[in-house]
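> Pasting a structure here, questions to come.
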Amino acid sequence: MSEEEKHDVIVPKEHLHHHCMPFRHHPPIPPGPFIEFKGVPLKGLLHMAILNIVRSKPAHGSEIQQTLKDKFNIDVPKPLVYGLLRIMEHQGFLTSTWEIKESGPAKRVYTITEEGLDYLTMTLDRLKKAKEIIERIIADLPQ
């Protein structure tokens, strides 16, 4: 079984190249490639979930990945989580510091910035509006 088959997330291989990363001088855009989870598009949602996790407390990549799985039922490959974290750091939405303990490996801990909080608030407002439209469409469907 390939690494991609171990997870419920589908990331087209053409989107996994390092040269696709946006840099800070670009306007904020939803980071990451087109992503599906069990057939549901996650582009724009996965990074919002990550920002929401880090908003409540600083966290390292493995902790974020586990919270995505536990809280949102999204089993995301670690490389995808770390890639999105680096993209969001380059965009100024997150900062990171190294946590070094006496035992165990050093871990990069991510903290949300003011810019990240503003972006999360803006995207959550848009998502709430989209949710209202989706609910109206679903309510209008024949039973």
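> List the pairs whose first member sits in region 72-99 and is under 16 Å from L45 (Cα atoms) and touching a residue at least 24 places away in the same chain (Cβ under 8 Å), whose second member is among the hydroxyl-bearing types (S, T, Y) and part of a strand (DSSP E or B), and whose Cβ atoms are under 9 Å apart, counting only residues at least 6 apart or on separate chains?
Between residues of region 72-99 that are under 16 Å from L45 (Cα atoms) and touching a residue at least 24 places away in the same chain (Cβ under 8 Å) and residues that are among the hydroxyl-bearing types (S, T, Y) and part of a strand (DSSP E or B), the close pairs are L85/S96; L85/Y110; M88/Y110.
Each row is one residue, and each column tells you yes or no for (1) closer than 12 Å to Y110 by Cα; (2) modelled with pLDDT under 85.
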| position | (1), (2) |
| --- | --- |
| H17 | no, yes |
| I29 | no, yes |
| G32 | no, yes |
| K43 | no, yes |
| P58 | yes, no |
| P77 | no, no |
| L84 | yes, no |
| E89 | yes, no |
| W98 | yes, no |
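> Restricting to region 51-79, name every residue that is surrounded by 13 or more Cβ atoms within 10 Å (Cβ to Cβ) and in a loop (DSSP other than H, G, I, E, B).
Within region 51-79, P58, I74, D75, V76, P77 qualify.
The values are calculated or read from the model by the stated rules, or taken from the named source; none is laboratory data. Predicted model, so just to flag it, every value in this text is computed and none were measured. Cβ coordinates were reconstructed from backbone atoms using ideal geometry, including for glycine residues, and neighbour counts include every protein chain displayed.
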